[in-house]
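Undergrad: What follows is a single structure, and I will ask about it in a moment.
Readers should treat all values here as calculations from the given coordinates under stated rules, not as data from a laboratory. Please read these numbers as outputs of a predicted model, since none were measured by experiment. Virtual Cβ from ideal backbone geometry, glycine too; neighbours counted across all protein chains shown.
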Amino acid sequence: MHLCSPFGESTMLKIDALPAFNDNYIWLLQDPAAQRCAVVDPGDAQPVLNWLEGHPGWQLSDILITHHHFDHVGGIERIKAHSGARVVGPAKEQIPHCDLALTEGQRIDVLGHNFKVIEVPGHTLGHIAYFQPEQHWLFCGDTLFAAGCGRLFEGSPEQMHASLQRLAALPDDSLIYCTHEYTLSNLRFAAAVEPNNRQIQARLQEVEAWRQEGRISLPSNLALERASNPFLRTESEAVQKKIDEREGPAKRSPSQVFAALRAWKDHF
């Protein structure tokens with residue numbers, strides 16, 4: 001299972017997904033003209049090292065980290081020892097071998113492209129995302145998933161809801177490069193939340209077919225997420241009604257609706 005997504009001659013980059021563990025993706029950004037590349041969240045070194053071995057002459061320049069969980073940082077030591085790549089990650093977390101600690105609003109150059117750092121606490125307290133404002137690429141780790149969002153291991157529902165709202169304010173055509181193949185299970189939950197949402201039903205059928213073919217379901221895009229991701233739809237009347245059915249009628253803020261959704265998904 002491998003993705004190759006060219007984005008046109010003007011960008012001079014392509015993005016591949018290197019599968020890792022059971023359902024992780026390590027995103028590999030490549031500049032073929034310069035034979036330089038970068039990776040995002042390499043929890044396992046071997047897929048990256050295998051790719052580099054198969055592409056002699058290529059230089060790995062950067063390792064981008066979104067948060068400290070082992071399935072996102074476990075490969076750093078071996079990859080850095082092999083390549084000497086710069087490690088960048090959130091300043092508010094302990095990232096192994098970090099060369100550049102990043103905070104909200106900072107911009108970094110990766111393969112000649114400018115990325116903006118967005119702090120998105122919730123899944124972990126120091127979690128960050130990387131957004132490329134010209135190409136609208138969003139590398140969001142375990143904050144926003146296709147049709148879902150990350151569990152709250154460290155942050156509060158209010159923090160995660162606010163983080164998701166920040167990401168939801170990005171342009172419609174933003175491409176969502178999250179780091180797990182959770183789309184099918186997320187869509188089954190979304191269908192339980194909004195059984196009459198035709199876009200969810202259509203997307204569920206599409207992703208079921210893709211997964212049967214062994215096809216990756218990513219990247220998603222933000223317009224699709226706004227239409228079919230319940231965690232971005234906390235102000236939807238249908239979503240609020242479903243929470244009322246489960247929890248009892250009440251006047252809930254969007255973040256309280258989110259908290260109820262997340263608690264439901266945790267045991268779905």
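Undergrad: Gln205 versus Leu224, label points 7 Å from Cα toward the beta carbon: distance in nm?
TA: Here the answer is 1.6 nm between the modelled labels.
Undergrad: Between Phe153 and Arg78, what is the spin-label point distance in nm, taking each point 7 Å from the Cα along the Cα→C-beta axis?
TA: Placing both labels 7 Å beyond Cα along the Cβ direction yields 2.0 nm.
Undergrad: Between Arg86 and residues 5 or more places away or on another chain, which pairs have amide H atoms under 5 Å apart, with H built 1.01 Å from N, and which residues are they?
TA: Asp62, Ile63
Undergrad: While we're here: Could you order the peptides 30-37, 215-222 from most to least packed, using the average number of other C-beta atoms within 10 Å per residue?
TA: Result, highest mean first: 215-222, 30-37.
Undergrad: For segment 105-263, build the charge dipole from Cβ charges (+1 Lys, Arg; -1 Asp, Glu) around the Cα centre, then report which of Gly214, Phe145, Ser185 sits farthest towards its positive end.
TA: Going by the Cα projections, it comes out as Ser185.
Undergrad: Still on this structure, I have one more. Would you work out which of Leu167, Leu111, Pro195 lies farthest towards the positive end of the dipole of segment 3-266? Charges go on Cβ: Lys and Arg +1, Asp and Glu -1.
TA: It is Pro195.
Undergrad: Using alpha-carbon pairs under 8 Å, 6+ residues apart, how would you state the relative contact order of the chain in percent?
TA: Averaging sequence separation for qualifying contacts and normalising by length gives 13 percent for the chain.
Undergrad: Let me ask you something else. When the dipole is taken about the Cα centre of segment 45-104, and only Lys, Arg (+1) and Asp, Glu (-1) are charged at their Cβ, what size is it in debye, to the nearest 20?
TA: Dipole of segment 45-104, to the nearest 20 debye: 100 debye.
Undergrad: Among 82-94, 195-207, how do they line up from the highest to the lowest mean number of other beta-carbon atoms within 10 Å?
TA: Working: 82-94: 19.2, 195-207: 15.7.
In decreasing order of mean packing, 82-94, 195-207 become 82-94, 195-207.
Undergrad: Relative to the longest principal Cα axis of the chain, at what angle does helix 183-193 sit, 0 to 90 degrees, rounded to 10?
TA: 20
Undergrad: Next question. Kirkwood hydrodynamic radius, segment 3-266, all distinct C-alpha pairs: what's the number in Å?
TA: It is 18.8 Å.
Undergrad: If you don't mind, there's one more thing I want to ask. For the Cα atoms of the chain, what angle does the longest principal axis make with the long axis of helix 157-168, in degrees from 0 to 90, nearest 10?
TA: 70
Undergrad: Tabulate in residue order the Karplus-calculated ³J(HN,Hα) for segment 103-112, using 6.51 cos²θ - 1.76 cosθ + 1.60 with θ = phi - 60°, rounded to whole Hz; enter x for Gly and Pro.
TA: Here the 3J(HN,Hα) series is 10, 3, x, 5, 10, 10, 9, 10, 6, x Hz.
Undergrad: What are the residues whose amide H is under 5 Å from the amide H of Asn221, where those residues sit 5 or more places off or on another chain and H is modelled from the backbone?
TA: For Asn221, whose amide H was placed from the backbone, the distant partners under 5 Å are Ile176.
Undergrad: Right, here's the next one. In percent, what relative contact order does segment 1-146 have, based on Cα pairs under 8 Å that are 6 or more apart in sequence?
TA: 15
Undergrad: Something else: What's the extension gain from Glu245 to Gln46 if we count 0.36 nm per residue and subtract their Cα-Cα distance?
TA: Gain in length upon complete extension: 66.9 nm.
Undergrad: To test your reading of the geometry: what angle, between 0 and 90 degrees and rounded to tens, separates the Cα axis of helix 254-266 from the longest principal axis of the chain?
TA: 80
Undergrad: Then there is this: Using Cα centres only, tell me the gap between segment 221-254 and segment 60-138 in whole Å.
TA: Value for the Cα centre distance between the two parts: 31 Å.
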